[in-house]
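**Q** Quick one: this structure, given as structure tokens, is what I'll be asking you about.
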Amino acid sequence: MTTKRVTPRATRSDPRRYIAALEQVGGRAVALPSRAEAVEEVRRLCGTRPVVVDKHPDLDGVADGLHVVEDPWGAEVGVTGAVAAAEETGTLALAFDADRPRSTSLVPPVHVALVPQARLVPTYADAVEALAALRPVPSAMNLVTGPSSSGDIELTTVRAVHGPGEIHVVLYDE
Amino acid sequence: MSSSALRGRERLRPERPAWAAASEPLVRRPLPLVTREAVARPVTGATNARLVQRNMNWNADKWPPAMAELRERGAAIRRETLRDLEGYLRRLTERVEEHGGRVHRATTPDDARRIVGEIARDGDVRLAIKSKSMVSEEIELGPYLEEHGVEVVETDLGEYIVQLADERPGHIIAPAIHKSRADIHDLFERLGGERLPDAPEQLAAFARRRLRDDFHGADMGISGVNFACADTGTLVTVTNEGNARMVTSQPRIHVAVMTLEKVIPRFTDLGVLVPLLSHAATRQRVSVYQTMVTGPRRPGEADGPEELHLIILDNGRSRIPGTQYEEVLACIRCGACQVACPVFRTVGGGHAYNAVYGGPIGAVLTPLIGDQEEGADLPFLSSLCGACYDACPVKIPLPDMLVDLRADYERRHRGPARVGWAAWSRLWGSPLGYRASLLGGRLAGLLPGGLVGRTASLARSWSRGRDVPPLRAAGAFRRWFRSHRGEPG
């Protein structure tokens, strides 16, 4: 059964491409066969550290058993979903609203995203289109490709400047 | 609250010539003088080496086929914008206001500074955090706000470094390109009053720690705008560090500053323009963050600014559409022309241009905006090799514009050089005059060197820093050619 569902999907979207692209820019991603396993992986990544979790249907049940805090400035991990994820570049498309604050994926030093494979799109331009389709236009959106970085000291790339130094994307097949 | 990132700033001593200073108003000095001083600075050789290395790495794969196609599309989108700039600005303004933002049009840098100053005063702002913005340099916003009691902190790592050193940015997207790791290590140790490791990772971590409290506690965030989408009213910044995300989401007031040509027709154009900008600027497939702001925070939202202000600066740009220089407004500020330019590299970066925008784009833009006399001689700071056009992601014909601007300059300045060229033209117009000049040249070669630099005439400002090349061999090629003419090769 599982193989039957995975095979046609693999022709449409390719989590391996996404994983390779994100790893190339210093992020980490895994693809798991079920949501239950993916949620378990998110919990493993958070451990006992203080976390902020978006209150969004995509993340139902994820916060159970985690050390959830209210203030992102006191959190070490932020857990979000994503509107889309671009295979070509490893980009996550994020939209913010009352349930999904801007700070969750920004302020804590580690960002974990839980994303169903159905949200994979081939290219960066497709991720832009996915955000463009949202109505009303959200007050804030972000396209995120890898961990925070800078080349300002002698053009050498360093990580973890102001945004999260670690980004983990957990993909799952529905 | 006062800035913790700037604590200890009084322990720092600026070590730069006045023409590189951020805190002193730009006073233009004769280019030959500034460039001679620039070339003689010890930091220049190292900056040149870094830029040359980057240019060599990049030349190997400048426009791979997929990128070449994006370049064509990007160039077309930017020109489409310029055909109806005012129309797109009108739509942008409507959309931003629909979403609850306020739009302010500023004709001059002074207007722009004053508007931001009033917003800060009305909002009782004590501490402002800034992300990178060349427009804020153009309107000298930081020093103005400081004078009016607002502490301003640059949060981009490179901008933070040059702020501490009291310097202007040395490159559009790599502001501290002229600083070595040792310079930055020394600066941070003196600022913090503590010993630090000198690895780039550790230096960046020091800046991160220092700036974090300011991100959390600032009253106002000031950002630039890379692209402003006319169809949605969305303001987009493209960054790698994440500081623009902080600046646009944490303080209660967000002021975005743009020049009028930053508008683009459609949100979806970002699918072309962002990868193109990222490739040209840093050879990334895409930069890490594209931060998109459409109005202030909405009811129920936990963060985001309560007020959003968009300042749209003209400063002479609306004069440009319809002239032969229109395409200069297509620029997306990637800085690739600066890396590609041998003159920019040799003078050690943008400071030597003695203007806000250095390099080929600066040499074209500076004489066209603001007070047009300022920087009118910058187009001469080019070898016209054409590398800037090859590097440009939106195909701006910068070399052609440099030549046209030189011609404009000559029409306006009928100085001694013009008289000299006219005399030369008449002399070489006749065979007799030409032969006489060669003889004269050989005789001049007998004079001692350094004579031109010592002329005490009205041409002095031009002649300082220059000398006549050795002339003893003047006409040697023609003599050789005559003596070999007709002989079998």
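The values are calculated or read from the model by the stated rules, or taken from the named source; none is laboratory data. On a predicted model such as this, the values are computed, not experimentally measured, just so you know. Methodologically, a virtual Cβ is constructed for each residue, glycine included, from the backbone with ideal geometry; neighbour enumeration extends over all protein chains shown. All accessible areas refer to the heavy atoms of the entire protein, side chains included, with ligands and DNA or RNA removed. Shrake-Rupley method; radii C 1.70, N 1.55, O 1.52, S 1.80 Å.
**Q** From the residues in the stretch B:297-315 that are within 7 Å of chain A (Cβ to nearest Cβ) and surrounded by fewer than 23 Cβ atoms within 10 Å (Cβ to Cβ), which one is farthest from residue A:55 (Cα to Cα)?
**A** If we take residues in the stretch B:297-315 being within 7 Å of chain A (Cβ to nearest Cβ) and surrounded by fewer than 23 Cβ atoms within 10 Å (Cβ to Cβ), then B:298 is farthest from residue A:55 (Cα to Cα).
**Q** Would you call residue A:123 at the interface with another protein chain (Cβ under 9 Å from one of its Cβ atoms), touching a residue at least 24 places away in the same chain (Cβ under 8 Å), farther than 15 Å from residue B:242 by Cβ and open to solvent by 10 Å² or more (accessible area, probe 1.4 Å)?
**A** yes
**Q** For the stretch B:167-191, give me each residue that is open to solvent by 20 Å² or more (accessible area, probe 1.4 Å), touching a residue at least 40 places away in the same chain (Cβ under 8 Å) and over 29 Å from residue B:333 (Cα atoms).
**A** B:190
**Q** Let me ask another. For the stretch B:425-445, state whether one or more residues are within 30 Å of residue B:365 (Cβ to Cβ), open to solvent by 100 Å² or more (accessible area, probe 1.4 Å) and modelled with pLDDT of 70 or more.
**A** No; the residues of the stretch B:425-445 include none that is within 30 Å of residue B:365 (Cβ to Cβ), open to solvent by 100 Å² or more (accessible area, probe 1.4 Å) and modelled with pLDDT of 70 or more.
**Q** Checking residue B:401 against (1) farther than 24 Å from residue B:51 by Cβ; (2) in contact with a helix residue (DSSP H, G or I) (Cβ under 8 Å, 6 or more places away or on another chain), which single condition isn't satisfied?
**A** (1) is the only condition that residue B:401 fails.
**Q** With respect to the numbered conditions (1) more than 20 Å from residue A:154 (Cβ to Cβ); (2) touching a His at 6+ places or on another chain (Cβ under 6 Å), which one is the sole condition not fulfilled by residue B:141?
**A** Only one criterion is unmet by residue B:141, namely (2).
**Q** Looking at B:408, B:377, which one is surrounded by 15 or more Cβ atoms within 10 Å (Cβ to Cβ), modelled with pLDDT of 90 or more and touching a helix residue (DSSP H, G or I) at 6+ places or on another chain (Cβ under 8 Å)?
**A** B:377 is the lone residue from the list that is surrounded by 15 or more Cβ atoms within 10 Å (Cβ to Cβ), modelled with pLDDT of 90 or more and touching a helix residue (DSSP H, G or I) at 6+ places or on another chain (Cβ under 8 Å).
**Q** Something else now. Filtering the stretch A:126-174 down to residues that are facing chain B (nearest Cβ under 7 Å) and in a helix (DSSP H, G or I), which residue is surrounded by the most Cβ atoms within 10 Å (Cβ to Cβ)?
**A** Among them, the one singled out is A:128.
Conditions tested, residue by residue: (1) farther than 22 Å from residue B:143 by Cα; (2) out of contact with any strand residue (DSSP E or B) (no Cβ under 8 Å at 6 or more places or on another chain); (3) not assigned by TED's automatic domain parsing to the domain that holds residue B:174.
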| position | (1), (2), (3) |
| --- | --- |
| B:204 | yes, no, no |
| B:220 | no, no, no |
| B:259 | no, no, no |
| B:267 | yes, no, no |
| B:272 | yes, yes, no |
| B:278 | yes, no, no |
| B:281 | yes, yes, no |
| B:298 | yes, yes, no |
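**Q** Can you tell which of A:63, A:98 is hydrophobic (A, V, I, L, M, F, W, C) and either surrounded by fewer than 18 Cβ atoms within 10 Å (Cβ to Cβ) or not in a loop (DSSP other than H, G, I, E, B) (or both)?
**A** A:98
**Q** Looking at the stretch B:62-79 only, could you name the residues that are basic (Lys, Arg) and closer than 15 Å to residue B:389 by Cα?
**A** Within the stretch B:62-79, B:62, B:71 meet the criteria.
**Q** What is the one condition in (1) out of contact with any Ser or Thr (no Cβ under 6 Å at 6 or more places or on another chain); (2) within 14 Å of chain A (Cβ to nearest Cβ) that residue B:293 does not satisfy?
**A** (1)
**Q** Follow-up question, since we're still on this one. Specify the residue that is farthest from residue A:170 (Cα to Cα); the eligible residues are those in the stretch A:102-120 that are open to solvent by 30 Å² or more (accessible area, probe 1.4 Å) and not hydrophobic (A, V, I, L, M, F, W, C).
**A** Among residues in the stretch A:102-120 that are open to solvent by 30 Å² or more (accessible area, probe 1.4 Å) and not hydrophobic (A, V, I, L, M, F, W, C), the one farthest from residue A:170 (Cα to Cα) is A:109.
**Q** Since residue A:71 meets every condition but one in (1) surrounded by fewer than 21 Cβ atoms within 10 Å (Cβ to Cβ); (2) among the charged types (D, E, K, R); (3) under 18 Å from residue B:234 (Cβ atoms); (4) in contact with a strand residue (DSSP E or B) (Cβ under 9 Å, 6 or more places away or on another chain), which condition does it not meet?
**A** Status for residue A:71: all satisfied but (3).
**Q** So for the stretch B:183-194 (the condition being closer than 30 Å to residue B:308 by Cβ and in contact with a Phe, Trp or Tyr (Cβ under 6 Å, 6 or more places away or on another chain)), does at least one residue qualify?
**A** No, because not a single residue in the stretch B:183-194 is closer than 30 Å to residue B:308 by Cβ and in contact with a Phe, Trp or Tyr (Cβ under 6 Å, 6 or more places away or on another chain).
Let's see how each residue does on (1) crowded, with 18+ Cβ neighbours inside 10 Å; (2) within 21 Å of the chain's Cα centre (by Cα); (3) without any contact (Cβ under 8 Å) to a residue 12 or more places away in the chain:
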{"residue": "B:44", "(1), (2), (3)": "yes, yes, no"}
{"residue": "B:47", "(1), (2), (3)": "yes, yes, no"}
{"residue": "B:65", "(1), (2), (3)": "no, no, yes"}
{"residue": "B:68", "(1), (2), (3)": "no, no, yes"}
{"residue": "B:81", "(1), (2), (3)": "yes, no, no"}
{"residue": "B:92", "(1), (2), (3)": "yes, no, no"}
{"residue": "B:96", "(1), (2), (3)": "yes, no, no"}
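**Q** Look through B:238, B:255, B:274 and report the one residue that is free of Cβ contacts under 8 Å to residues at least 60 places away in the same chain, assigned to a strand (DSSP E or B) and buried (at least 24 other Cβ atoms within 10 Å of the Cβ).
**A** Of the residues listed, the single one that is free of Cβ contacts under 8 Å to residues at least 60 places away in the same chain, assigned to a strand (DSSP E or B) and buried (at least 24 other Cβ atoms within 10 Å of the Cβ) is B:238.
**Q** Within the stretch A:43-54, which residues are part of a helix (DSSP H, G or I) and either farther than 26 Å from residue B:303 by Cβ or basic (Lys, Arg) (or both)?
**A** Answer for the stretch A:43-54, where residues must be part of a helix (DSSP H, G or I) and either farther than 26 Å from residue B:303 by Cβ or basic (Lys, Arg) (or both): A:43, A:44.
**Q** Then there is this: For the stretch B:108-186, which fully contained helices (runs of 4 or more DSSP H) count at least 2 residues that are touching an Asp or Glu at 6+ places or on another chain (Cβ under 9 Å) and of a type in the set (A, V, I, L, M)?
**A** In the stretch B:108-186, B:109-122, B:157-164 are the helices (runs of 4 or more DSSP H) which contain 2 or more residues that are touching an Asp or Glu at 6+ places or on another chain (Cβ under 9 Å) and of a type in the set (A, V, I, L, M).
**Q** While we're here: Out of all the residues in the stretch B:350-358, is one or more surrounded by fewer than 23 Cβ atoms within 10 Å (Cβ to Cβ) and not aliphatic (A, V, I, L, M)?
**A** No, the stretch B:350-358 has no match at all.
**Q** Write out, first by first residue and then by second, each pair whose Cβ atoms fall under 6 Å of each other, whose residues are 6+ apart or on separate chains, and whose first residue, in the stretch A:18-42, is more than 16 Å from residue A:80 (Cβ to Cβ) and outside any loop (DSSP other than H, G, I, E, B) while the second is of a type in the set (S, T, N, Q) and open to solvent by less than 40 Å² (accessible area, probe 1.4 Å).
**A** A:21/A:89
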